[in-house]
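A short worksheet on the structure shown next.
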Amino acid sequence: SGALVITSGSDQKKNRRYGSIQLRYAMTYVVITFVVLLFLNIYCSEISQMVFYGNKQTSMLEKAQLAANELEALEIMTASTVKQALSVINDKSLARLIVTDHSGRVIYDSVDSKTKYALMPQVICALDRVDIFTWHYDTGVIQAEAAVPLINYNMVAGCLYIMEYDTEQGKLISTLENNIFAITMILEIVILLFSIVYAVSFSGRLRKITHSMCIIQQGDYTHKVA
């Protein structure tokens, strides 16, 4: 009777040990798959933003160049002549439009008429004959900025700067990211449930095997291990 109690205690320890091993394996599998799915989530989000970035860059630089062509045709750039030239474009999607001279002094500002100088990084790059585009995405809103130089007689006569808030494409990015995240979470939950079921099932089989081994150790050599 004492020997049976000792064997039973050893059997329970083995069962707990095998169950613990299976739980660790299951959790390791869940963690690995979670890391992989998280990486795919971030990767897909970055790829989608890059696609929107390329489209927005092309669109903004085309708008800026179109406006610059109108301004370069002016003999004299003043606030009134610039405003009249830009009225032909009439792009309501632009949140701000600034025209400067070669030193960065503001000739026309669609938002703040009191601005003296526009020394933003985009303006400085444009005055160095570089077409520049930047964007910032945050919670469903894209803030896109572009600047191009105004060339007159092969010299930089000034710069055109435009800024746009795009909520439409921003919502598309946000929706896409939310969908990718939801799919990732669903997959991770399915993997977690599968891992738990597999661990419980496999641990049950191991318990049966260890139980059969204990019976054989007790002297019942006719017992068959399933």
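Report relative contact order for the chain in percent, whole number only (criteria: Cα-Cα under 8 Å, sequence separation at least 6).
Averaging sequence separation for qualifying contacts and normalising by length gives 24 percent for the chain.
Write down the accessible area per residue of the chain in Å², having rolled a 1.4 Å probe over the full set of protein chains.
64
In the chain, how many lysine pairs have Cα atoms under 27 Å apart, counting only pairs 8 or more places apart or on different chains?
Count of close lysine pairs: 19.
Going through the range 69-177, which chymotrypsin sites (Phe, Trp or Tyr not before Pro) have at most 10 other Cβ atoms within 10 Å and a DSSP loop state?
Listed in order of number, the matching sites are TYR153.
With a cap of 13 neighbouring Cβ atoms within 10 Å, and only residues DSSP puts in a loop, list the GluC sites (Glu not before Pro) found in the range 54-91. Don't jump to the answer; show the numbers that get you there.
On the way: sites: GLU62, GLU70, GLU72, GLU75; in loops: GLU75.
Passing both the DSSP loop test and the Cβ count: GLU75.
Mean Kyte-Doolittle of at least 0.0 and a Cα length of 24 Å or more along the axis: which whole DSSP H helices of the chain meet both? Present the calculation step by step, with values, prior to reporting the outcome.
Values: long enough: 2-72 (103 Å, 0.14); 167-217 (73 Å, 0.89).
Long hydrophobic helices here: 2-72, 167-217.
Return the carbon/sulfur percentage of the accessible area of the range 49-158, one whole number, probe 1.4 Å, all protein chains in place.
54
In the chain, which longest range has no trypsin sites (Lys or Arg not before Pro) that are both DSSP loop (not H, G, I, E or B) and surrounded by at most 15 other Cβ atoms within 10 Å?
Between the exposed loop sites, the longest stretch runs 130-223.
For the range 187-220 and the range 71-104, what is the separation of their Cα centres, given in Å?
With the range 187-220 and the range 71-104 each reduced to a Cα centre, they are spaced 76 Å.
For Cα pairs less than 8 Å apart in space and 6+ apart in sequence, what is the mean separation divided by the residue count of the range 63-125, i.e. the relative contact order in percent?
Working: 52 pairs, mean separation 14.3, N = 63.
Over the range 63-125, the number comes to 23 percent.
The values are calculated or read from the model by the stated rules, or taken from the named source; none is laboratory data. Remember, it's a predicted structure, so these values are computed and weren't measured experimentally. For neighbour counting, all protein chains shown are included, and Cβ atoms are generated from backbone atoms with ideal geometry for every residue, glycine included. Heavy atoms of the whole protein, side chains included, go into the accessibility calculation; ligands, DNA and RNA do not. Shrake-Rupley method; radii C 1.70, N 1.55, O 1.52, S 1.80 Å.
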